[in-house]
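Visitor: Supplied in structure tokens, the structure appears directly below.
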Amino acid sequence: MPESVQIKVYGRCRPLTQDEADKGFKNVVKCSGDKMLIESGGKEHSFSFDGAYSSDAKVKNEQIYKERCEPFLQRAMEGFNVSIIAMGATNAGKTYLMSGTDSDPGIAPCFIRNLYQAIGERSNKEFFISVSYLEVLDERMSDLLNPHVNQMKIRQHPHKGIFIEGLSEIVVHNWEEMSQLYEQGTRVKKLGARDIKANQARAHSVFTITIEQRTRQSSKVGVRSVVCLADLAMGEVVGTSDPHAVAGLQGLMNVLSALGGPKKGSNVPFRDSAITRVLQDSFGGNAVTLMFAVVSPVDKVHKESLTTLQYASYAKSAKNHVKANMDETAEIIADLRDEIAKLRDKIASTSTPSRDDVQKLEDLVQDLQIAKMSTWAEREKLSKKVEEERKVNLANKGILDWVTDNMKKGNRELQEKMLILQKEKDVLTAQYSEKRSNVDGLNEEVQRKIAEYSKYQDSGKLTDSETKKRVTAIHEIKEKLKKESEILKQIKSQLKDVAEKQKEERDEAKSQMSAMKGNTELRQQVEKEERLKVEKENRAMIADEMEKMKTEFETEKSHIQLKLTENKTYSAQEVSHLEVQLAEMKLEKPVTTMKIHLMEQEKERLVKELDDVYQVHKDELEFQRLRHLETFRAYREMFEEQKAALDQRYRQLLEDAIQDAVFLSSRNSELLEENQSLRQQNAEMRDSITKLGGRLPSQTV
Ligand code: ADP
Ligand code: MG
């Protein structure tokens, strides 16, 4: 039986920043017990929550984590889904609360550290942990861990629940890996924020940790918990009329309103926006949810703060229905294997197996394949593959070095700039293709309407009023087309600006890179990928341009047709004008073709040049290597020579010494002999003197 739990809601107001204090902004938010009080529109509004943190209490994020979030980690370890959500307007302090700083770590780093502590305490369990990081901006989803451009889709799975196809799931093995991924993703998100503030004010993000655990060497069934750490934007849509932007913000408000606000009891419109679909379990579903209503104290933004507190208070009365999630993959696989074996035996034992059995076997094998894809081993494999892709995608965004983490500061700043530009370009490109298909659609509509009109006109079946109606309709669409085309043109020129800036940054980066010693191979690879990307973009641009000209031509043709069927006679001036236009158009085609041709040539030349440079560079490297080898060889020879000379000299000295020794020793014996013979003579002389009777002085020898 699911357990019914209420969403816990806490208020948090940040202090005034130094800058705000200097500017003399006033603080309009106070706390009193569990209440948040705000002055807005000359009135004090009061909201009761499960707790409140005021700006002057100077409470650290970690304390909030300990008091409010730690119990939620316990629930996650028991297999319950957990959502911790920071909701507020831009600049309210959501990122500060969720990510924090080095000296005041936020909820996410605290949770991650605490999670691994909890895992460490459970040595009888095996864990399998993976993460993903999603950003939703104006209904467009992006993968913050692996910034690819592939389509992503929200899907529902009978066992797994809501999941996002195309979002990278990365398997992590320790605290460091998870923290690093969280930081990298947050950085990718933050970088976008600096330049396109208005956009970022509407961006939601969700860091998802999937925790699976099994008792070691025992049951096949494990438990599974999905933990969402979300940063949700709250506020009015400003600076754009994009319906996706409206849906992206309004969707969340509508859901909260239906859960516990004025629209309570009505159908909860989860499906109206991407973020509410992704977080469907968090609001009224199978998750224990904790929400922080994060507000700025600044008087100037009192309205936004009031809205946040208002909607957060709606969340408070929502009830979720939770139960621990069983993970039965292993059991399902074992059952499937059993069934397959049995069926196989059955088929093998008959000479004419039934068609149904064969079909069933095929289905079972397919089921097994699918089930195996969600085993730990398969997911680990897939995650390894994603790791490679991730490096390339981050490199394409100019942020490879965050992964390899060996970058100088200057370089880092430059790369950050490049990332911002890329993000800006991605947004513009998406807008462009959307507007483009709008314009194309309108163009087609005009053509169709004109063709229809002229058909009727020819048949003479049209009454005057019908004619008028049709012509007015055509003109209305044409007006719309004109406006849309104008916007399209603007986006295009913005795109051009961004491309130019990008080129400048790239050149700058290149000059920096060549000054930097580093991994040459890697650099070459990054440059090559960059080049291929630009090429692809150029090709798309040309194709787009051609397509556009074709449509314009078609439209122009149908306009002429329209004028003809409107029975308008052309003045000589109009005719000549049309002729000029026609001639221009005729001319334009070969000119464009030529331009394209020239561009192709230029491209080939550039590619060749680059390859040459690469070759020269490679040759140079090879040459240097050989030269170093040569120098080394020369030194070695010199060394050998000197060694030989020294040996020689040493041998010589030794020989001399030996000869000296030999000489000295033979001389010594000579002297000894001489001495001996002198003694002999001496003795003989003494004898003869004594025989002659002489006296001798006493012997002194
Ligand atoms: P958001 O993510 O909601 O747009 P930020 O987290 O970026 O807002 O916070 C906006 C500003 O307020 C930043 O300069 C941040 O450093 C500061 N800030 C937010 N919360 C606190 C806090 N609790 N203590 C001190 N400064 C804070
Ligand atoms: Mg933020």
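Visitor: Could you list which residues have their amide H under 5 Å from that of Gly161, counting only those 5 or more apart in sequence or on another chain, with H placed in the peptide plane?
Guide: Close amide H contacts, sequence-distant or interchain: none at all.
Visitor: Dipole size in debye (nearest 20) for the chain around its Cα centre, Lys and Arg Cβ +1, Asp and Glu Cβ -1?
Guide: It comes to approximately 1820 debye.
Visitor: What accessible area per residue, rounded to a whole number of Å², is obtained for region 1-131 using a probe radius of 1.4 Å?
Guide: Details: 6180 Å² over 131 residues.
Result: 47 Å² per residue.
Visitor: Pairs Lys66/Lys189; Lys264/Lys319; Lys533/Lys608: which exceed 19 Å Cα-Cα?
Guide: Correct reply: Lys66/Lys189.
Visitor: Solvent-accessible area of Tyr133, probe 1.4 Å, all protein chains present, reported in Å² to the nearest ten, please.
Guide: Per-residue accessible area (Tyr133): approximately 10 Å².
Visitor: Excluding Val386 itself, what net charge comes from residues whose Cβ is under 15 Å from its Cβ, given Lys and Arg +1 and Asp and Glu -1?
Guide: -3
Visitor: Based on DSSP H runs of at least 4 residues, each adding -39500 (n - 2.57), what is the mean residue ellipticity at 222 nm of the chain after dividing by all its residues, to the nearest 500 deg cm²/dmol?
Guide: -22000 deg cm²/dmol
Visitor: Something else about it: Probe 1.4 Å, all protein chains in place: accessible area of Tyr456 in Å², nearest 10?
Guide: Approximately 90 Å² of Tyr456 is accessible to the 1.4 Å probe.
Visitor: Please list, in order along region 176-181, the HN-Hα scalar couplings obtained from phi with the Karplus expression 6.51 cos²θ - 1.76 cosθ + 1.60 (θ = phi - 60°), rounded to whole Hz, x for Gly and Pro.
Guide: 4, 4, 5, 4, 4, 5
Visitor: Does a label point 7 Å from the Cα of His577, set along Cα-to-beta-carbon, have any residues of region 461-484 with amide nitrogen under 12 Å, and which are they?
Guide: none
Visitor: To check you understand DSSP bridge types, tell me what percent of the beta bridges within the chain (both residues inside) are antiparallel, rounded to 5. The partial results should precede the final answer.
Guide: Numbers: 52 of 75 bridges.
Percent antiparallel among DSSP bridges in the chain is about 70.
Visitor: Let me ask something else about it. Could you list which residues have their amide H under 5 Å from that of Tyr53, counting only those 5 or more apart in sequence or on another chain, with H placed in the peptide plane?
Guide: Correct list: Gly11, Arg12, Cys13.
Visitor: If you average the alpha carbon positions of region 577-611 and of region 124-184, how far apart do those two centres end up, in angstrom?
Guide: That distance is 45 Å.
Visitor: Next up: Which entries of Lys528/Lys603; Lys153/Lys483; Lys26/Lys58; Lys435/Lys496; Lys455/Lys482 show an alpha-carbon separation above 21 angstrom in the structure shown?
Guide: In this structure, Lys153/Lys483; Lys455/Lys482 lie more than 21 Å apart at Cα.
Visitor: Something else now. Residue separation times 0.36 nm, minus the C-alpha to C-alpha distance between Lys26 and Thr690: what's the value? Present the calculation step by step, with values, prior to reporting the outcome.
Guide: Details: separation 664, 0.36 × 664 = 239.04 nm, distance 14.07 nm.
Contour length minus Cα-Cα distance gives 225.0 nm.
Visitor: What number comes out for the charge environment of Arg636, summing +1 per Lys or Arg and -1 per Asp or Glu over other residues with Cβ under 14 Å away?
Guide: Numbers: positive: Arg633, Lys643; negative: Glu630, Glu637, Glu640, Glu641.
Spelling it out: positives minus negatives among the neighbours equals -2.
Visitor: Follow-up. HN-Hα J couplings of region 335-347 from phi, Karplus 6.51/-1.76/1.60, θ = phi - 60°, integer Hz, Gly and Pro as x?
Guide: 4, 4, 4, 4, 4, 4, 4, 4, 5, 4, 4, 4, 5
Visitor: Can I ask one more? Taking K and R as +1 and D and E as -1, what net charge do the other residues with C-beta under 12 Å from the C-beta of Leu73 add up to?
Guide: So the environment of Leu73 carries a net charge of +1.
Visitor: Let me ask something additional. Output wanted: per-residue J couplings in Hz (rounded whole) for region 603-610, from phi through Karplus 6.51 cos²θ - 1.76 cosθ + 1.60, θ = phi - 60°, x for Gly and Pro.
Guide: Once θ is set to phi - 60°, the couplings for region 603-610 become 4, 4, 4, 4, 4, 5, 4, 4 Hz.
Visitor: Considering the Cα positions of the chain, please state its Rg to one decimal place and its Dmax as a whole number of Å.
Guide: For the chain, the Cα radius of gyration and maximum Cα-Cα distance read 42.5, 187 Å.
The values are calculated or read from the model by the stated rules, or taken from the named source; none is laboratory data. Here the structure is a predicted model, which means the values were calculated and not measured. Neighbour counts run over all protein chains shown; Cβ positions are idealised from the backbone, glycine included. Accessible surface is based on the protein model in full, side chains and every heavy atom, while ligands, DNA and RNA are left aside. Shrake-Rupley method; radii C 1.70, N 1.55, O 1.52, S 1.80 Å.
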